[in-house]
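Participant: Take this structure first; my questions come after.
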Amino acid sequence: MPIAAPSRRFVDDARCIVSGDVDPPASIVIVEDDPGIGPSLVRTLTAQGYRAVLATTATEADALIDDSTRLAILDLGLPDEDGLDLCRRLRAGLPDLQILVLTARGEEADMVLGLDAGADDYLVKPFRLAELLARVRVCVRRGTNDSTGRSCGAVTVDAATRAVRAGGEVVDVRPKEFDLLWKLITNSHRVVPRDELIDDVWDENWFGSTKTLDIHIWALRQKLDRPGEPSCITTVRGVGYRMGPP
Ligand code: CA
């Protein structure tokens with residue numbers, strides 16, 4: 001059985017190809033806006049047995065990359081955000097993610113900036129496919145992580161035991177509160193939109209009031225926040241919620 005059963009349901013259907021194998025294929029997100037590179041990389045990596053999907057913007061990358069992603073192959077020149085900024089955000093929110101930067105910027109200074117921004121490896125375009133595949137194999141191997149624990153600030157969550165701690169103290173949370181917290185903490189690099197939270201934590205056919213979401217967030221804050229300190233969950237008005245202080 002694949003691990004992290006609670007998170008399985010949060011994976012988009014498109015990416016949720018559960019083979020039933022003991023070892024599910026590593027999930028790779030290619031972030032590349034060049035139509036001459038992205039789609040062919042997806043085909044090549046899929047043919048190699050990986051689960052590969054393409055994001056052509058930083059916004060798409062944010063929606064596709066999560067805790068279940070093993071490797072992000074990241075072009076630095078993206079249409080909607082500097083790839084270095086995306087790299088920093090991913091590194092801050094997903095410490096176990098492997099990041100392979102792929103870019104036309106061959107200058108040594110850019111290479112250093114990429115590594116400083118949290119990239120694990122760096123490949124300059126044009127590159128040989130064999131070299132890219134070799135780097136991907138290393139990154140995927142390095143990124144293998146069986147841990148089911150996640151933490152953000154003083155909050156730690158273990159998906160295997162469904163244990164939640166705040167400042168080291170065990171906190172009792174109800175099942176939906178746990179699912180909501182797990183969704184937020186495994187996506188702590190981004191704001192998770194309200195609709196996505198409702199779809200994933202309740203279900204797509206749920207017609208209840210969206211107030212239910214706010215009530216569950218309120219309950220989590222009551223249980224996890226410490227007096228006099230910023231909340232562990234930030235409200236982004238009109239959008240959704242992000243794990244972490246403002
Ligand atoms: Ca580009």
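Participant: Taking 7 Å along the Cα-to-C-beta vector as the label spot, tell me the GLU169-ARG142 distance in nanometres, rounded to one decimal.
Facilitator: 4.0
Participant: Subtracting the Cα-Cα distance from 0.36 nm times the residue separation, let me have the gained length for ARG221 to ARG162 in nm, one decimal.
Facilitator: 19.5 nm
Participant: Taking the alpha-carbon centroid of each part, what is the distance from region 126-186 to region 38-95 in angstrom?
Facilitator: A separation of 17 Å, based on Cα centres.
Participant: So, with +1 on the Cβ of K and R and -1 on the Cβ of D and E, and no other charges, what is the size of the charge dipole of region 149-243 about its Cα centre, to the nearest 20 debye?
Facilitator: 280
Participant: Under a crude label model (7 Å from the Cα following the beta-carbon direction), how far is THR57 from ASP203 in nanometres?
Facilitator: About 3.2 nm, to one decimal.
Participant: Could you give the length gained by full extension between ARG88 and ALA130, i.e. 0.36 nm per residue of separation minus their alpha carbon distance, to one decimal place?
Facilitator: Contour length minus the Cα-Cα distance gives 12.4 nm.
Participant: Would you tally the net charge around MET243, using a Cβ to Cβ cut-off of less than 11 Å, leaving MET243 out, and scoring K and R as +1, D and E as -1?
Facilitator: Neighbourhood net charge equals +4.
Participant: Projected onto the charge dipole of region 76-123 (+1 at Lys/Arg Cβ, -1 at Asp/Glu Cβ, origin at the Cα centre), which of LEU90, LEU123, LEU76 gives the Cα projection farthest towards the positive end?
Facilitator: So the residue furthest toward the plus end is LEU90.
Participant: Next question. Test of understanding: ordering VAL136, VAL31 by Cβ neighbours within 10 Å, fewest first, what list do you get?
Facilitator: With the fewest neighbours first, VAL136, VAL31 line up as VAL136, VAL31.
Every read-out reported here was derived from the displayed coordinates using simple, explicitly stated rules and does not represent laboratory data. Bear in mind that the values here come from a model prediction, so they are computed numbers and not experimental data. Virtual Cβ from ideal backbone geometry, glycine too; neighbours counted across all protein chains shown.
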